Structure formats: C-alpha cells, structure tokens
Amino acid sequence: MVSTADRKLDRSGTSTGAYQLAQPTLDDAYTALRGLYGPHSNDIWHTLLARAGLTGQENDLDSFDRLVSFMHGAEPMTRLCGRSLAVRSSTYRQLAAASQGQR
C-alpha cells in the first residue's frame, strides 16, 4: 500500500499514513499552555520543564509524554491541558503503529 501522507507533517519519520498526524512536540505543549495562560505561561512552562527534568529542546515523543505526565500533577487547568495532550500522543502512537502494520 502506498502512503499518501505528507512527510512534512510527520516530524518523527514514523508515518501515520493517510491520517497525516504530526508527532506532538514540546513546542505543541508550550503552544497549548500559552493558549490558556497567555503571557503568564512562561513561569508555568519553566516549572513543568524543571520538574520533568527537561530542557525544552527535546524533540522525542518520550520527552513529550514525560512533560505531559507532570502536567497531570499540576493545577486543574494545566491538568486538563495535559489530559488533552496525552490523548494526542496516544492517538499518534496508535496511528503510527497501525500504519507500520499496513506496510
């Protein structure tokens, strides 16, 4: 089966096939927090990174998931944001695995 996915959308190199879902990144998590907190997001972001033991420069899915797990222990709005990001990560992993099985 030929994949019609746009590889530019899939930053990981692991294709999600026709779903064209990009791997979530720390930049995506920061953007989500900024949407909630606006200019106050920097303090929250740096606190989450420190607690997760990350620099913010990581670009792998495991680091993304690590950050999200620390969001689950934060205040309610951040926790909710983390839950939505966890769904995104899980969806990406499942679609990438399904796409690999189709090849």
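Taking label points 7 Å from Cα along the Cα-to-Cβ direction, Asp43 and Ala22 give a separation of 3.0 nm. Hydrodynamic analysis of the stretch 20-101 uses the Kirkwood radius over alpha carbon pairs. Inserted into Stokes-Einstein at 37 °C and 0.692 mPa s, it gives a translational diffusion coefficient of 255 µm²/s.
Near Tyr37: Cβ cut-off under 14 Å, other residues only, Lys/Arg at +1 and Asp/Glu at -1. The net charge is 0.
Read the figures in this text as sums done on the coordinates, not as results from a lab. Given the structure is predicted, the values throughout are model-derived calculations rather than measurements. When we count neighbours, we look across all protein chains shown, and the Cβ atoms used for this are built from the backbone with ideal geometry, even at glycine.
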